[in-house]
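Student: Okay, here's the structure, questions in a sec.
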Amino acid sequence: MVNTEKFAARLEKIINYYDLSAAAFADQIEVGRSSISHILSGRNKPSLDFVMKVISHFPEVELYWLLNGKGRFPKERSVSPPQPEVPPKPITPAPAMEKSSPKFQQQGIPEDATQNGKQIKKIVIFYADGSFEAFEN
């Protein structure tokens with residue numbers, strides 16, 4: 001169970017560490033300003049959503065420290081050797097299909113294209129963007 005008074009003291013420590021006012025802190029974590037006021041005064045307990053917003057917006061805050069006071073604030077940053085930057089591979093475009101290729105040349109509907117003695121009157125092609133083309137005989 002979270003001790004509300006001690007949580008409020010840790011929240012105050014975070015606000016002071018970042019040199020923010022309670023209102024600016026509330027704006028930063030996208031909660032109502034009254035939420036900060038009520039938590040700091042001990043009127044309300046922090047919600048899970050509130051705690052997660054603090055953790056996500058301030059990476060130096062450890063969850064366990066914020067809830068229980070155990071751990072460190074600010075977090076110790078592990079120093080790792082710099083990684084050489086690998087340039088991204090250039091993206092080669094896929095070979096485009098040419099409209100002039102025989103498959104894509106606009107051709108009329110062959111006169112003998114019938115099935116069961118029926119003739120094709122109209123062909124409609126619908127595209128993903130909502131447009132269409134109609135070909136009539």
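The values are calculated or read from the model by the stated rules, or taken from the named source; none is laboratory data. As the structure is a computational prediction, the values presented were derived from the model and not from experiment. Every residue, glycine as well, gets a Cβ built from its backbone with ideal geometry; the counts of neighbours run over all protein chains shown.
Student: Being outside any helix (DSSP H, G or I) and free of Cβ contacts under 8 Å to residues at least 24 places away in the same chain is the filter; apply it to region 4-28 and report the residue that is nearest to the chain's Cα centre (by Cα).
Tutor: Going through the qualifying residues, I end up with L20.
Student: Of the residues that sit in region 1-48 and are of a type in the set (F, W, Y) and touching a Phe, Trp or Tyr at 6+ places or on another chain (Cβ under 8 Å), which one is surrounded by the most Cβ atoms within 10 Å (Cβ to Cβ)?
Tutor: Selected residue: F25.
Student: Can you tell me which residues in region 111-137 are modelled with pLDDT of 60 or more and assigned to a loop (DSSP other than H, G, I, E, B)?
Tutor: E111, D112, N116, G117, I120, K121, Y127, A128, D129, G130, S131, N137 - these are the residues of region 111-137 that are modelled with pLDDT of 60 or more and assigned to a loop (DSSP other than H, G, I, E, B).
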